[in-house]
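Visitor: Let me begin by handing over the structure; questions about it come next.
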Amino acid sequence: MIRILLRCINLLLLLYLMAPIIVVVATSFGSSAYPLFPPNDLTLAWFRKFWENPELREALRLSATLSATSTFLATIIGTLSSLAIVRYRVPGKSFFSVILLSPILFPAIVLALALLVAFQRVGLTQSFKGLVAAHTLLITPFVIRLVMASLEDFDPSLEEAAQNLGAGWWRTFTRITLPLIRPGILAGAVFAFIMSFDELVVTLMLAGPELQTLPIRIFNYVQYSSDPTISAISTCLIAVWLVIGIPVYAKFLSVRHS
Amino acid sequence: MAYLTLKNIRKTYGSSVAVENFDLAVEAGEFIALLGPSGCGKTTTLRMIAGFVTPTSGEICIGDTDVTRVPAHRRNVGLVFQNYALFPHMTVRANIEFGLKAHHVSSGEMRARVGFVLELVGLATYVDRYPRELSGGQQQRVALARVLALKPDLLLFDEPLSNLDAKLRVQMRQEIRRLQREVGVTAVFVTHDQEEAMAMADRIVVLERGRIAQVGTPAEIYDRPSSRFVANFIGISNFFEGSIVSEEGRRVFRCKSGLEIEIVQGMDDKGAGTMAVRPEKIEFVEAGTPHALAGTIQQATQLGATMEYVALLKTGDRVIVQEQKRPRVAIRREGDAVHILWQVADTIFLQS
Amino acid sequence: MTASEIKNEQELKQEQTTNPRGTLPWFLITPNLLLIGLFMLGPLLLLARISLEGYQSGQGIIETWQLSNYSKFLFDPFYRQVLVGTLVLGAEVTALCLVLGYPLAYSLSRARGLKRAVLYFCILMPLLTSTVVRTFGWMILLANNGFINKTLMSLRLIESPVRLMYNVTGVIVALVEVLLPFMVLALDTALLNIDLSLYEAARNLGARGPRIFLRITLPLSLPGVVSGCVLVFTGALSAFVTPTLIAGARLKVMSTVIYQQAMALLDWPFGAAIAFVMLVTIAVLLVASLQLSERLRNA
């Protein structure tokens with residue numbers, strides 16, 4: 001009896017969690033001029049409108065470039081740090097890992113203001129370089145978390161065996177270590193990219209009129225107009241995240257449990 | 001001139017001493033076992049030979065080259081790990097080729113060697129399998145093939161059979177010994193299993209708390225242990241504390257318990273010490289046999305092919321006696337009165 | 001072999017396999033330390049300094065040392081209301097997340113295999129979707145002519161639309177959904193940590209479902225409750241997107257006030273002070289929760 005009740009409650013809760021996403025995706029196909037849920041007629045017009053809007057396309061391009069650059073830097077920096085923390089006897093190891101993971105702990109608005117204040121002094125406000133720096137700071141902890149998880153499963157005697165067979169540290173690292181921690185690095189990079197792409201608050205305060213990323217455009221659009229084009233953009237984003245996210249996450253989980 | 005020499009090796013970690021006063025000379029082609037309980041320093045010593053640990057002081061020489069400061073990947077020694085350490089993302093072939101590629105062996109030669117070593121360990125048809133598809137014993141053989149392909153100067157084994165079940169362990173140790181003889185490579189084998197060491201090694205190095213307790217052939221170690229630790233670690237022994245005294249023309253080992261063991265001949269030792277005798281060297285004799293000790297069976301345990309008895313002597317000493325089951329000899333039971341006797345030649349006297 | 005001998009051997013093995021070369025760690029970790037130092041610690045220190053400076057519109061930031069920004073935020077009735085309001089909002093959201101999240105976490109922790117993977121993904125997926133997109137979805141749902149109101153009216157439960165947008169209620173509905181996954185995942189971790197054999201022992205002693213839940217599951221899951229509440233409360237306290245989009249100028253929370261001060265009014269010192277009040281609140285909460293967890297662990 002309680003079991004059935006529990007199941008019903010959970011179903012409702014899952015529905016509650018999914019509700020906004022379902023609504024957004026549904027309205028992107030609706031034909032009315034404002035987002036209507038549930039939609040009456042179905043159309044793909046809003047997707048076309050999104051694609052034909054130069055501002056939105058530019059925002060997409062900017063976001064992609066910004067996130068790709070930041071993810072690239074974050075992945076390298078984060079992987080190196082994970083190697084150091086997990087493998088070597090760094091004095092004050094747990095202290096370091098807390099420090100390196102700390103950006104996650106701070107409210108975005110606080111970091112945003114701090115960066116605004118600091119960047120203004122060095123002329124980095126409203127610059128692409130500044131945004132890359134800020135994004136890299138924010139997403140590196142995600143890379144570290146996921147790569148560390150992969151590394152902790154890694155058997156150090158494999159590296160010893162490689163050395164014993166004559167491989168120097170470069171060959172050992174590239175042929176043995178790297179391939180085996182690749183799932184963790186990939187999962188970290190994908191997660192970091194998503195976090196960077198969706199980042200709003202910090203970007204909002206640091207970007208200028210020339211650097212309107214997609215989240216900023218969506219944020220502004222949503223407040224001042226009610227157009228299902230936004231739904232269309234959002235649906236595209238959701239689809240992409242699912243297409244990239246699921247396989248990478250699944251591979252990461254399966255490798256961990258083997 | 002010895003093939004592998006360790007001179008006065010000492011290794012400390014901060015204030016704790018892992019290995020000290022370690023001197024050993026291994027002849028070419030010899031099979032040496034490093035034997036001892038956990039924490040005795042045997043693995044540390046092996047890893048110093050492999051190059052993963054640098055000795056705090058001392059020298060390691062292979063042939064006439066001092067390799068003490070040579071990094072691990074430049075020493076020509078092959079290490080077989082306890083957990084096999086096969087690269088999971090590579091096939092058997094790729095695992096073996098890995099080392100060959102690192103040594104820049106030509107592809108023709110590589111193919112030949114891969115074929116040769118897999119033939120040697122009997123896994124030629126498994127060449128394209130992945131480690132996860134192989135059993136423990138097969139993985140162990142691939143690990144061995146992997147190091148043999150590099151024609152190492154030394155073969156090192158870090159408790160490689162611990163993860164295998166008993167029957168497989170016996171099979172594999174025969175395999176390893178056979179291969180080692182066939183290839184003719186010098187080998188150092190670390191184990192905590194004394195039966196394994198006895199079965200495989202030409203000489204055994206017994207370690208106790210970072211120091212060498214005794215070096216010798218299996219027979220020497222077993223029949224003439226140099227200390228109570230060695231006598232107790234290898235096989236079982238009966239120990240009697242007391243002293244050898246001469247009185248009224250006879251020599252006697254007078255135990256602290258009051259028991260008197262008559263020394264009929266030989267054993268020129270004097271003074272206080274421990275007398276040790278192995279259970280299988282003690283016989284049951286008829287009542288009235290000269291010098292026999294009387295007692296009763298307190299416990300009788302079936303060990304399969306042998307019986308193990310605990311005989312309680314009048315002085316309170318408990319003596320463990322092991323006897324092979326024989327066709328026309330009855331098994332003794334608890335409460336039976338017995339008489340036991342053993343030869344001077346089988347007695348070990350450990351001076352205090 | 002004794003326990004200490006085993007530990008010794010393991011420690012020796014650990015020492016032997018790590019740190020073949022002592023200098024390597026530092027160059028691996030330096031880029032990250034530089035990143036954190038230059039782009040987080042430095043700016044935060046600067047922000048702290050600025051929070052003690054003054055501001056005059058027209059003149060800009062005045063270099064001085066003063067606590068008036070803090071006293072303004074903490075004692076001025078208008079801003080006191082903002083502070084209290086944000087804290088109350090945080091508490092309400094946290095309480096709701098706890099109540100709603102527990103059943104979901106309970107089921108998740110008991111699920112195995114594919115069922116668990118699917119459930120886990122369903123709960124994790126909203127986190128991958130950006131907050132803006134999710135809040136936009138809520139804007140559509142909560143509108144006067146949105147799905148919720150239309151449904152309630154067609155079921156004749158209400159006569160005229162309930163105001164769900166541009167007020168606290170809407171913010172709470174949306175914020176709870178946004179932060180619920182954090183609570184569920186924290187609770188799930190704690191529930192999974194409970195030794196299964198405890199349940200078996202309890203059943204063996206004759207206890208049944210509700211009793212087991214109240215006496216074993218609930219108490220032993222408290223560490224998860226604590227960490228989940230901390231996560232959600234922190235998230236609610238620092239929320240910016242959801243309050244802005246759902247309530248706009250009608251609801252003032254700390255984040256929106258900071259934004260306004262920083263971007264519109266350009267009174268950075270004041271904004272900085274509010275930011276640090278937020279940080280201190282979160283820090284106090286974190287410390288308190290750690291102490292609570294410690295006490296729970298020792299109980």
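Just so it is clear, none of the values below were taken in a lab; they were calculated from the coordinates. What you see is a predicted model, and the numbers here were worked out from it, not measured in a lab. Cβ sites come from the backbone with ideal geometry, for glycine too, and all protein chains shown count toward neighbours.
Visitor: Under a straight-distance cross-link criterion of Cα-Cα below 16 Å, which aspartates and glutamates are reachable from C:Lys115, leaving out those fewer than 8 residues away in the same chain?
Guide: Straight-line reach from C:Lys115, under 16 Å: C:Asp188.
Visitor: What does the charge add up to near B:Ser243, with Lys and Arg as +1, Asp and Glu as -1, over the other residues with Cβ less than 15 Å from its Cβ? Display every interim value, and only then the final one.
Guide: Working: positive: B:Arg250, B:Arg251, B:Arg254, B:Lys256, B:Lys270; negative: B:Glu241, B:Glu247, B:Glu260, B:Glu262, B:Asp268, B:Asp269.
For residues surrounding B:Ser243, the net value is -1.
Visitor: Could you tell me the center-to-center distance, by alpha carbons, between segment A:124-178 and segment B:1-44 in angstrom?
Guide: 37 Å
Visitor: Here's another thing I want to ask about it. At 222 nm, what value in deg cm²/dmol follows for the protein assembly as shown if DSSP H runs of at least 4 each add -39500 (n - 2.57) and the sum is divided by all its residues, to the nearest 500?
Guide: -17500 deg cm²/dmol
Visitor: Still on this structure: So, by mean Cβ neighbours within 10 angstrom, what's the order for C:211-220, A:30-39 with the highest one leading? Spell out each step's value before the answer.
Guide: On the way: C:211-220: 14.0, A:30-39: 16.6.
Most protected by this proxy first, the peptides run A:30-39, C:211-220.
Visitor: Another question, then. Please order C:Trp26, C:Trp65, A:Trp46, A:Trp51 by the number of other Cβ within 10 Å, starting at the fewest.
Guide: C:Trp65, C:Trp26, A:Trp51, A:Trp46
Visitor: Summarise the partner chain shielding of A:165-174 as one whole number: the mean count of Cβ atoms from other chains within 10 Å of each residue's Cβ.
Guide: Mean shielding count: 6.
Visitor: Also, I was wondering about something else. When DSSP beta bridges are limited to those with both residues in chain B, what percentage is antiparallel, rounded to the nearest 5? Walk me through the numbers on the way to the answer.
Guide: Numbers: 61 of 79 bridges.
Just about 75 percent of them are antiparallel.
Visitor: Using the Karplus curve 6.51 cos²θ - 1.76 cosθ + 1.60 with θ = phi - 60°, what ³J(HN,Hα) values do you get for each residue of segment B:20-35, in whole Hz, with x for Gly and Pro?
Guide: Coupling constants for segment B:20-35: 8, 6, 8, 10, 8, 10, 10, 7, 4, x, 6, 10, 9, 10, 9, 10 Hz.
Visitor: Just checking the output field for B:73-84: average partner chain Cβ neighbours within 10 Å of each residue's Cβ? Before the final figure, lay out each step's value.
Guide: Working: counts 11, 3, 3, 1, 1, 4, 6, 2, 6, 1, 4, 2.
Average per residue, whole number: 4.
Visitor: Please state the relative contact order of segment C:68-298 as a whole percent: Cα pairs under 8 Å, 6+ residues apart?
Guide: With pairs under 8 Å counted, the relative contact order is 28 percent.
Visitor: Here is a follow-up. Distance in nm between label sites at C:Phe121 and A:Gln126, each 7 Å beyond Cα in the beta-carbon direction?
Guide: Going from the C:Phe121 label point to the A:Gln126 one covers 4.5 nm.
Visitor: P(r) for chain A: what percent of alpha-carbon pairs falls in each 10 Å bin, starting at zero?
Guide: Going from the shortest bin to the longest, the percentages are 7, 23, 27, 23, 14, 5, 1.
Visitor: Can you list the aspartates and glutamates whose alpha carbon sits under 19 Å from that of C:Lys72, skipping same-chain ones fewer than 8 residues off?
Guide: C:Glu53, C:Glu63, C:Asp267
Visitor: Which whole number gives the average, over all residues in B:138-151, of C-beta atoms from other chains lying within 10 Å of the residue C-beta?
Guide: 1
Visitor: Something else now. Starting from segment C:78-121, pick out the trypsin sites (Lys or Arg not before Pro) whose DSSP state is loop and whose Cβ has at most 13 other Cβ atoms within 10 Å.
Guide: Numbers: sites: C:Arg80, C:Arg110, C:Arg112, C:Lys115, C:Arg116; in loops: C:Arg112.
Taking segment C:78-121 and a limit of 13 other Cβ atoms within 10 Å, the loop trypsin sites (Lys or Arg not before Pro) found are C:Arg112.
Visitor: Rank these for me by crowding, A:Arg145, B:Arg111, going from fewest to most other beta carbons within 10 Å.
Guide: Placing the least packed residue first, the sequence is B:Arg111, A:Arg145.
Visitor: How would you order A:195-207, C:196-208, B:65-77 from highest to lowest mean count of nearby Cβ atoms within 10 Å?
Guide: Top of the packing list down: A:195-207, B:65-77, C:196-208.
Visitor: Still on this structure, I have one more. Structure shown: which of B:Lys167/B:Lys281; B:Lys256/B:Lys325; B:Lys7/B:Lys167; B:Lys11/B:Lys151 lie over 31 Å apart, alpha-carbon to alpha-carbon?
Guide: B:Lys256/B:Lys325; B:Lys7/B:Lys167
Visitor: Using Cα-Cα distances under 8 Å and only pairs 6 or more residues apart, what relative contact order does chain B have, in percent?
Guide: Details: 690 pairs, mean separation 54.3, N = 352.
The value is 15 percent.
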